[in-house]
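Every number in this text was worked out from the coordinates using simple rules, so none of it is lab data. None of these values were measured; they are calculated from a predicted model. Here the Cβ is made from the backbone with ideal geometry for all residues, glycine too, and neighbour counts use every protein chain on show.
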Amino acid sequence: MLNIIKAEIYKYIHRPYFYIITFIVSSIILLTEVVFSSNMTNRVFVISEVCPAGIGFALLLIVLFSLVFFEEYKYNSLKNLITSNVSREKIYLGKVIVQILIIILMGIIIIGVFLCGLLLLNPGDGYNNDMLIRLLIKIVALLPVLLAGLALSNLLVIGIKKEGIAIVSYITILLILTDIIKLLSRSVWSKLIIVNDYLFYNQTSIMSNLSAGNNEIIHVLLVGIVSFIIFTTLGGLLFKRTEVK
């Protein structure tokens, strides 16, 4: 598996979109904070109002990392890997591990840029170091949520094998499933609304909750971890059984 991981890292290093995405997102964040500093927008507003939107955007953007699976089908390189006596489980896990490493690396860079830009802003009423620490804790708790989004998008790409359809399907699930469950809870069974509390992408709402306690953070962390395990397992099973022509 180590050779698979090394090969995947090599691919990412030589792919321009890793650098392009990191640069574009970091530039947008820094530019936004510069604009906010000129408008006297404070850190409290950014932490409570802007960060939740940023996490939601990241959850949508993460689908791009699943295209590494699509490329294997597109360029028929998956067949070469499978015929080289490397098990599908190792291929799949190797790709997922590298995806996670790249996402964490990008996250560290982007969060670092965000924190530097935050220094440009006035603190605002109620701002203190504890607020910033709680923000960072919530971001760490949301990492499994982002990885759950990655695992779901991997599953869709492996199952559909159509780049555009997989992306649209992923975004559609994130945008409308919650509303569908709300509708069903009103028309079919009221207790269905509880399901929304356990959908991984709904956990991003914790970012706008400045008073979120440890119980809420643990809930987010557990939902993200369980969702990631479920989707990763399903993706692995599907990858193992998918037909390669």
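Relative to the longest principal axis of the C-alpha atoms of the chain, give the angle of the C-alpha long axis of helix 129-160, reported between 0 and 90° and rounded to the nearest 10°.
30 degrees
Mind giving me the nanometre distance, one decimal, between the label points for VAL140 and MET40, set 7 Å out from Cα along Cα→Cβ?
Taking the two extended label points, one gets 3.7 nm.
Using Cβ contacts closer than 10 Å as the measure, can you line up PHE231, PHE18, PHE23 from fewest to most?
Numbers: PHE231 21, PHE18 17, PHE23 11.
Taking fewest neighbouring Cβ atoms as first place, the list is PHE23, PHE18, PHE231.
Taking amide H atoms as placed 1.01 Å from N in the peptide plane, list the residues 5 or more away in sequence, or in a different chain, whose amide H sits under 5 Å from that of ASN122.
ARG43
With springs only between Cα atoms under 10 Å, which of ILE230, ILE158, ILE180 fluctuates most in a Gaussian network model of the chain?
So, out of ILE230, ILE158, ILE180, the one fluctuating most is ILE180.
Determine ³J(HN,Hα), in whole Hz, for all residues of segment 2-15 in sequence, where each value follows from phi through the Karplus function 6.51 cos²θ - 1.76 cosθ + 1.60 and θ = phi - 60°; x replaces Gly and Pro.
4, 5, 4, 4, 4, 5, 5, 4, 4, 4, 5, 4, 9, 9
Which whole-Hz ³J(HN,Hα) couplings does segment 38-54 yield from phi under the Karplus relation 6.51 cos²θ - 1.76 cosθ + 1.60, θ = phi - 60°, glycine and proline marked x?
Values per residue, Gly and Pro as x: 6, 9, 6, 6, 9, 5, 4, 5, 5, 5, 8, 10, 8, 4, x, 5, x Hz.
Using Cβ counts within 10 Å as a stand-in for footprinting exposure, how do MET106, MET1, MET207, MET40 rank, fewest first?
Working: MET106 19, MET1 13, MET207 24, MET40 9.
Neighbour counts put them in this order, fewest first: MET40, MET1, MET106, MET207.
Can you tell me which of GLY112, GLY94, GLY235 moves the most in a GNM of the chain? Springs connect C-alpha atoms under 10 Å apart.
Greatest mean-square fluctuation among the candidates belongs to GLY112.
Please report ARG186, ARG88, ARG43 as a ranked list, fewest other C-beta atoms within 10 angstrom at the top and most at the bottom. Let's see the in-between values first.
Values: ARG186 11, ARG88 16, ARG43 22.
Ranking ARG186, ARG88, ARG43 by Cβ neighbours within 10 Å, fewest first, gives ARG186, ARG88, ARG43.
So what are the ³J(HN,Hα) numbers for segment 191-208, from phi and the Karplus equation (6.51, -1.76, 1.60; θ = phi - 60°), rounded to whole Hz, Gly and Pro as x?
So the Karplus estimates, Gly and Pro as x, are 6, 4, 4, 4, 4, 4, 5, 10, 7, 4, 6, 6, 6, 5, 5, 5, 5, 8 Hz.
Report, in debye and to the nearest 20, how large the dipole of segment 2-241 comes out about its Cα centre when Lys and Arg carry +1 and Asp and Glu carry -1 on their Cβ.
In debye, rounded to 20, segment 2-241 gives about 940.
Using only the alpha-carbon atoms, how far is helix 88-118 inclined from the longest principal axis of the chain? Give it as 0 to 90 degrees, nearest 10.
Tilt relative to the chain: about 20 degrees.
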